[in-house]
């Protein structure tokens, strides 16, 4: 333990004279500065004052813990108070946090104050050991390893070595294979690609408002309006499946513009138009990475995704006019049923949501 | 006091009889750690991690990692009767029905933010001071791994409550997975047990968040600290500091009190912030549903740069036959992120190769003394900053009433233009600071005091450099770039290593070529002798004039000169 200087002594007393030490640039290392005593080192009064300060902090910490317990019992969890700057806040959270936080803080502050004012502040010099081992040690380690390797026969018994390496290379395979059923695939389940390419919209499916599931007549939507819609069967599907999967693909919007404003649509003919008197239906799920879109600018007919700002022109086949999305928003062909309610003519003709590898194959 | 020592002795004896740890204790308790404020950054990261483990354990007692839909009937009236997942409902319960639950949640979230900030800034400190150089490259790699894991862990953590904001984040993550060529679709189906969102992702993420990643982080942190312990801490250049020693305070008592106390300070500050500043108010966002989103959605700060990259990448998508490659997502979210972390982890090896510097380094570089590295770091920060700004392009647009399109177009260019400019500026600043250090050694510090000599000449008084400052400057190591080897040897035979060697020499020249060499010892000595002489002369002038002060006639142009004791700064 010769490389350790006793704490509280200066370097010079231990013979680490800077004169014989060199910096890597070949210059003599600058000498350590002489230690300057603190007030508490020379003035017993100052030392006693520091002692009082430290113990006061520790004492306050204890009192605050008691205050925490009182606050925990006394303050109702539903009480909310309004504070300047901070705003409204749960009174319980405020009281518990302040008492606990301050108690903990004071323990830390006390300890550091103690270290700074009363514990020795003389810098100590310690030598670094060479990290590299000595050549002799290294050689010995290598020879021990060599001897062991020799004795094992790992080098000479080729058949053992090769079979072992093969076995070791193969043994993780089961661990990977088991992961296949991370997707517990139902029998006859369509492929991921097919699943991503279809929604629960079908021919004649009523278009209902999201939330209240109310069917919609064309006259319910004013020109310039936007309605969030879902298929009427969604409520039941969600009850049966217990998931939000169907919603994540079927969510759509209806917008209405004057037929003259519509420059192009993704499909439809004069006999079977995809719109109903200027009412157009589009998927609500962004083709970029799947955020639901509903920032609609009436005047320009542009739909803006709040996540990455892809912008689509709904009056022009919902094509991308700005942003990172590569595909237009799929249009849902719609018409009215015998009772005059809006219904889908079919499912989407392009797949909704983010792009994926096999998207062109369905 | 004596009772404490006695009890301590008894414990030590009991332990040593069984474990024989006296030599280890002796060495460890005496171990010296250098003191500098910037060495606290790693400590903050460590302490935040401990706070995360503690507060996280509390949260597991009440949190239910389940996506099953239930109807909420708790204390938070605005959501009473609303359908939501159990995960979200239990997070509401923690926030409103468990006393101290909101405090623990907020401590956990604040500590996570501190953890990532502290790791990032700690890494910047290590980078800019060259602390990653031999022999500490392995610790740098581990640090890069810890930062990567920390970011993933943070993202996993804030995704668990299943609120509208974090659910949107998961939806984006799923979109990114889908964009991975060939395997993306299947990877997404495996992760989510079928289609998004399914019922299994949050329980799976929960295990990853509370066991897998923290377990790896804990193991890495342990090894990281063991290496710091074994290799001993680096130190800044200064009086008495060499490559072969450590100057600082021993573990017992000073460092233990300071570091231990500092843990309580970090914990205390985290708790106080959690008492007064609401973080991640999931009750205000509402439960997740895939068909709703709020405008101005922002991820936590450490994910912002990736989101920014996704925002500004143009809409490139290739369709080859039946298959598609979504470069618009794959490039920024997977390729860029992978490249950033790879370059980060590999940096020490790149620099070592480029500079051919194979020495051990225990004295830190002042950033100015490694101008190219410092400029590279500043460039990286600028790059990150541009992406981060891109992540808030909508907020900038609405706050400053600017066009989102213009901001995005500008950022697409700025990401390539701004970082190189920052590189050049930073390098110039570093070299100027080196020149200034050079001047200080030879001419001392400009005092700002102008003296008029009896002959009417105006001169500025230079003061000698303080010992501490001088030691700092003299700690610099002047590197000489690797000499450019000739393509052919003296016999005209092509040098087999010619190409690599030349490339390396060019790299080395780029790295060190502009170095401003420190003056030689002889030059400094001569300059100091000259300065002492000049100083003496100037002060004799002052002394001559001082006689006149008695007559109250204002002869000195700077009153400060009169205040100096003529001999105070002389060697």
Restricting to Cα atoms and excluding each atom paired with itself, what does the Kirkwood estimate give for the protein assembly as shown in Å? 33.5 Å
Order of A:77, A:45, A:249 - criterion: other Cβ atoms within 10 Å of each residue's Cβ, fewest first: A:45, A:77, A:249
Need one number: % antiparallel among DSSP beta bridges in the protein assembly as shown, to the nearest 5. 95 percent
Cα pair distances of the range A:193-344 binned at 10 Å [whole percent]: 11, 43, 37, 9, 0
For residue A:176 and residue A:149, what does the FRET efficiency come to when R0 = 25 Å and r is the distance between their Cβ atoms, rounded to the nearest 0.05? 0.25
Point-to-point label distance, residue B:230-residue B:439, nm (Cα→Cβ direction, 7 Å offset): 4.7 nm
Report the FRET efficiency, 1/(1 + (r/R0)^6), for residue A:209 and residue A:59, where r is their Cβ-Cβ distance and R0 is 56 Å, rounded to 0.05. 0.30
If contacts are Cα pairs under 8 angstrom and at least 6 residues apart, what is the relative contact order of the range A:284-341 in percent? 25 percent
Estimate the FRET efficiency between residue B:19 and residue A:184 by the formula 1/(1 + (r/R0)^6), using the beta-carbon distance for r and 56 Å for R0, to the nearest 0.05. 0.65
Quick one: if you stick a label point 7 Å off each Cα along the C-beta vector at residue A:350 and residue A:45, how many nm between them? 8.5 nm
Compute the angle between helix B:213-231 and the longest alpha-carbon principal axis of chain B, please, reported from 0 to 90 degrees and rounded to the nearest 10. 20 degrees
Computed over chain A, the convex hull of the Cα set has an average projected area, in nm², of 40.4 nm²
What's the exposure ranking of A:237, A:289, going from fewest to most Cβ atoms within 10 Å? A:237, A:289
With the contact rule set at Cα under 8 Å and sequence spacing of 6 or more, what percent relative contact order holds for chain B? 15 percent
Quotient of Cα radius of gyration and Kirkwood radius for the range B:207-280, i.e. Rg/Rh, equals 1.11
Helix-only [θ] at 222 nm, chain B, -39500 (n - 2.57) per DSSP H run of 4+, per residue, nearest 500, equals -20000 deg cm²/dmol
For chain B, find the longest principal axis of its Cα atoms and tell me its angle to the long axis of helix B:404-443, 0 to 90°, nearest 10. 30 degrees
Antiparallel DSSP beta bridges within the range A:193-344, as percent of all bridges there, nearest 5: 95 percent
Exposure proxy order (Cβ contacts within 10 Å, fewest to most) of B:459, B:473: B:459, B:473
Sorted largest first, extent of the range B:261-394 alpha carbons per principal axis (Å): 59, 58, 22
How much of the DSSP bridge set in chain A is antiparallel, in percent, rounded to the nearest 5? 95 percent
Between residue B:510 and residue A:132, how many nm apart are label points set 7 Å from Cα along the C-beta direction? 3.0 nm
Pairs of Cα atoms farther than 47 Å apart, chain B, %: 33 percent
Distance between the range B:307-339 and the range A:260-331 - C-alpha centres, whole angstrom: 22 Å
Relative contact order, percent, of the range A:193-344 when contacts are C-alpha pairs under 8 Å separated by at least 6 residues? 24 percent
Compute the separation of the alpha-carbon centres of the range A:207-228 and the range B:26-43 and state it in Å as a whole number. 67 Å
Expressed as a whole number of Å, what is the distance separating the alpha-carbon centroids of the range A:344-360 and the range B:65-139? 36 Å
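None of the figures in this text is laboratory data; all of them are computed from the coordinates on show. None of these values were measured; they are calculated from a predicted model. Heads up, the Cβs are rebuilt from the backbone with ideal geometry, glycines too, and the neighbour counts pull from every protein chain shown.
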